[in-house]
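K.L.:
This structure is in structure tokens; I'll ask about it shortly.
The values are calculated or read from the model by the stated rules, or taken from the named source; none is laboratory data. Note that the structure is a prediction, hence the values are computed from the model and not measured. In this analysis, Cβ positions are derived from the backbone assuming ideal geometry, glycine residues included, and neighbour counts consider all displayed protein chains. These accessible areas exclude ligands, DNA and RNA; they are computed on the full protein's heavy atoms, side chains included. Shrake-Rupley method; radii C 1.70, N 1.55, O 1.52, S 1.80 Å.
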Amino acid sequence: QVQLVESGGGLVQPGGSLRLSCAASGRISSIYSMGWYRQAPGKQRELVATMTNSGSTNYAASVKGRFTISRDSAKNTVYLQMNGLKPEDTAVYYCKCYAPPRDYWGQGTQVTVSS
């Protein structure tokens with residue numbers, strides 16, 4: 001089992017920044033990749049950014065150049081630095097890890113971009 005706890009969401013004005021954190025615990029050694037997904041009201045959950053154990057990253061086209069995924073292996077934590085936030089970035093952001101043979105999800109953290 002792997003447990004994921006997100007933090008760092010909140011209300012921010014357009015153009016502002018937030019950093020989300022996702023701390024993993026449990027069977028850390030089994031994790032192959034970690035990432036962030038988001039779900040806006042009335043929409044499907046979508047990929048935001050992912051990072052494999054080797055450091056390979058993947059970003060949604062809508063966030064590329066504005067968001068950065070990173071990790072602190074010593075703290076078993078993955079971060080999502082979000083700059084240049086737009087109202088359309090408003091969503092619940094979920095941390096996910098893939099620890100074969102299954103995915104694990106965090107509880108989600110709300111990000112609201114509004115003036």
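K.L.:
Go through (1) modelled with pLDDT of 95 or more; (2) over 12 Å from VAL2 (Cβ atoms); (3) not aliphatic (A, V, I, L, M) one by one and return the number of the condition ASP72 breaks.
P.N.:
(1)
K.L.:
If you don't mind, another one. Which of the residues belonging to region 11-48 are open to solvent by 60 Å² or more (accessible area, probe 1.4 Å), of a type in the set (D, E, K, R) and either closer than 18 Å to GLY106 by Cα or in contact with a helix residue (DSSP H, G or I) (Cβ under 9 Å, 6 or more places away or on another chain) (or both)?
P.N.:
Within region 11-48, ARG19, ARG27, ARG45, GLU46 qualify.
K.L.:
Among the residues of region 39-55, how many are over 19 Å from THR112 (Cα atoms) and modelled with pLDDT of 95 or more?
P.N.:
The total comes to 2.
K.L.:
Return the total of residues in region 75-113 being out of contact with any Asp or Glu (no Cβ under 8 Å at 6 or more places or on another chain) and not in a strand (DSSP E or B).
P.N.:
Here the count works out to 12.
K.L.:
Write out, first by first residue and then by second, each pair whose Cβ atoms fall under 8 Å of each other, whose residues are 6+ apart or on separate chains, and whose first residue, in region 45-62, is more than 10 Å from MET34 (Cα to Cα) and among the charged types (D, E, K, R) while the second is at pLDDT 95 or above and open to solvent by 50 Å² or more (accessible area, probe 1.4 Å).
P.N.:
Filtered contacts from region 45-62: ARG45/GLN39; GLU46/GLN39.
K.L.:
Kindly indicate the residue of region 49-61 that is in a strand (DSSP E or B) and in contact with a Leu (Cβ under 8 Å, 6 or more places away or on another chain) and also most open to solvent (accessible area, probe 1.4 Å) among those meeting that condition.
P.N.:
ASN58
K.L.:
Name the one entry in TYR93, TYR98, TYR79 that is open to solvent by 60 Å² or more (accessible area, probe 1.4 Å) and in contact (Cβ under 8 Å) with a residue 40 or more places away in the chain.
P.N.:
Being open to solvent by 60 Å² or more (accessible area, probe 1.4 Å) and in contact (Cβ under 8 Å) with a residue 40 or more places away in the chain holds for just one of TYR93, TYR98, TYR79, which is TYR98.
K.L.:
Would you tally the residues in region 101-113 being in contact (Cβ under 8 Å) with a residue 60 or more places away in the chain and open to solvent by 60 Å² or more (accessible area, probe 1.4 Å)? Walk me through it before giving the result.
P.N.:
Residues of region 101-113 in contact (Cβ under 8 Å) with a residue 60 or more places away in the chain: 104-113.
Keeping just the survivors that are open to solvent by 60 Å² or more (accessible area, probe 1.4 Å) gives 105, 107, 110.
Final tally of qualifying residues: 3.
K.L.:
Can I ask one more? What are the pairs, 6+ residues apart or on separate chains, where a residue within region 24-36 that is assigned to a helix (DSSP H, G or I) has its Cβ under 8 Å from a residue that is not small (Gly, Ala, Ser)?
P.N.:
Filtered contacts from region 24-36: ILE28/VAL2; ILE28/ASN76; SER30/VAL2; SER30/PRO100.
K.L.:
Going by the structure shown, is LYS64 loosely packed, with under 13 Cβ neighbours inside 10 Å and under 15 Å from the mean Cα position of the chain (by Cα)?
P.N.:
yes
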